1. All but one of (1) exposed (fewer than 15 other Cβ atoms within 10 Å of the Cβ); (2) modelled with pLDDT of 95 or more; (3) over 22 Å from I89 (Cβ atoms); (4) assigned by TED's automatic domain parsing to the domain that holds Q61 hold for W142, so report the exception by its number.
2. Restricting attention to segment 189-204, and to residues there that are under 20 Å from the mean Cα position of the chain (by Cα) and not hydrophobic (A, V, I, L, M, F, W, C), which single residue is surrounded by the most Cβ atoms within 10 Å (Cβ to Cβ)?
3. Which residues, counting only those in segment 101-121, are out of contact with any helix residue (DSSP H, G or I) (no Cβ under 7 Å at 6 or more places or on another chain), surrounded by 13 or more Cβ atoms within 10 Å (Cβ to Cβ) and free of Cβ contacts under 8 Å to residues at least 24 places away in the same chain?
4. Test each condition in (1) touching a residue at least 60 places away in the same chain (Cβ under 8 Å); (2) surrounded by 15 or more Cβ atoms within 10 Å (Cβ to Cβ) for Q28 and report the one that comes out false.
5. Of these, E37, E83, E97, which one is under 25 Å from F140 (Cα atoms) and either assigned by TED's automatic domain parsing to the domain that holds A157 or among the hydrophobic types (A, V, I, L, M, F, W, C) (or both)?
6. From the list A111, A43, pick out the single residue that is closer than 23 Å to N166 by Cα and either outside any helix (DSSP H, G or I) or among the aliphatic types (A, V, I, L, M) (or both).
7. Restricting attention to segment 42-57, does a residue exist that is more than 30 Å from A154 (Cβ to Cβ), β-branched (V, I, T) and more than 16 Å from the chain's Cα centre (by Cα)?
8. From the list F64, F96, which residue is among the aromatic types (F, W, Y), assigned to a helix (DSSP H, G or I) and within 23 Å of Q144 (Cα to Cα)?
Amino acid sequence: MAPLRFNVFKQAHKGLRLLLNDTIQAIQQTDFSIPAEGNACIATIKTTLQLFHVHAGLEDQDIFPMVSQIAPAVVAHFEKEHEKDEALIMNLHKNFEQYELADSPAALLVAGNTLLHEFIAFTVFNLEHMSQEECLLNPFLWSQYTDDEILAVATAAVKKIPPAKNELFIPWMLKGNSDKEVAQWLQRVKESAPAPVYERLYTTAVQILEGSRMQHITAVMEG
């Protein structure tokens with residue numbers, strides 16, 4: 001059996017799937033008839049949308065060009081998908097405006113319910129989109145590049161993420177990936193990045209993850 005190849009999308013996509021799940025939970029548990037609750041939930045949704053926008057931009061700039069010569073139609077398909085994603089994001093922002101204009105508890109609830117279903121549509125689209133990327137784009141990447149070459153591109157792409165956005169994204173990737181995957185991530189950073197970078201990531205993991213998970217992750221790293 002051939003060894004598993006490096007999946008450039010997996011770490012981020014696992015974090016994004018968990019983020020979608022938690023955002024839906026936050027929406028469902030919000031009483032939108034109370035403006036303070038509704039506005040806090042909308043702030044959470046806006047953060048989610050920002051992270052998806054940043055992630056799509058990195059794929060457009062760094063991953064898609066790697067296969068554009070050998071699979072132009074596939075790349076064009078996913079570029080169109082990202083345009084659809086931006087349209088869904090813009091539609092959600094229109095829903096935010098509708099909530100702001102609501103002038104009664106009943107109207108606030110109606111706007112909140114609309115927001116829930118629009119975010120569900122965004123979630124369904126992105127779950128399918130991320131799955132397609134992994135199933136359709138990875139084989140082209142693997143046919144042209146070594147795992148080390150793909151990892152090098154991914155590492156360079158991550159460095160382009162604004163620090164404030166990266167600090168928001170990292171906890172979701174830590175929580176969304178398996179203990180073994182987090183241990184491998186920490187080990188890669190420890191071996192390749194400046195010590196302060198590794199220390200920040202490790203400290204974040206300790207703060208974010210349950211003690212039992214960190215114990216297992218540390219054990220995996222120590223072999």
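The values are calculated or read from the model by the stated rules, or taken from the named source; none is laboratory data. Nothing here was measured: the structure is a model prediction, and the numbers come from that model. Counting neighbours? That spans all protein chains shown, and the Cβs are built from the backbone with ideal geometry, glycine included.
1. Result: W142 fails condition (1) only.
2. As a first pass, look at segment 189-204 and keep what is under 20 Å from the mean Cα position of the chain (by Cα): 189, 200-202, 204.
Then drop every residue that is not not hydrophobic (A, V, I, L, M, F, W, C), which leaves 200, 202, 204.
Values: R200: 15, Y202: 17, T204: 14.
That would be Y202.
3. A107, V110
4. Going through (1) touching a residue at least 60 places away in the same chain (Cβ under 8 Å); (2) surrounded by 15 or more Cβ atoms within 10 Å (Cβ to Cβ) one by one, Q28 breaks only (2).
5. Details: E37 fails: under 25 Å from F140 (Cα atoms); E97 fails: under 25 Å from F140 (Cα atoms).
Answer to the selection: E83.
6. On the way: A111 fails: closer than 23 Å to N166 by Cα.
Step by step, each of A111, A43 is checked, and only A43 is closer than 23 Å to N166 by Cα and either outside any helix (DSSP H, G or I) or among the aliphatic types (A, V, I, L, M) (or both).
7. Residues of segment 42-57 that are more than 30 Å from A154 (Cβ to Cβ), as a first pass: 42.
Among the residues that remain, those that are also β-branched (V, I, T) are: 42.
If we keep only those that are more than 16 Å from the chain's Cα centre (by Cα) too, we end up with 42.
Yes, segment 42-57 contains at least one residue that is more than 30 Å from A154 (Cβ to Cβ), β-branched (V, I, T) and more than 16 Å from the chain's Cα centre (by Cα).
8. Values: F96 fails: within 23 Å of Q144 (Cα to Cα).
Going through F64, F96 in turn, just one is among the aromatic types (F, W, Y), assigned to a helix (DSSP H, G or I) and within 23 Å of Q144 (Cα to Cα): F64.
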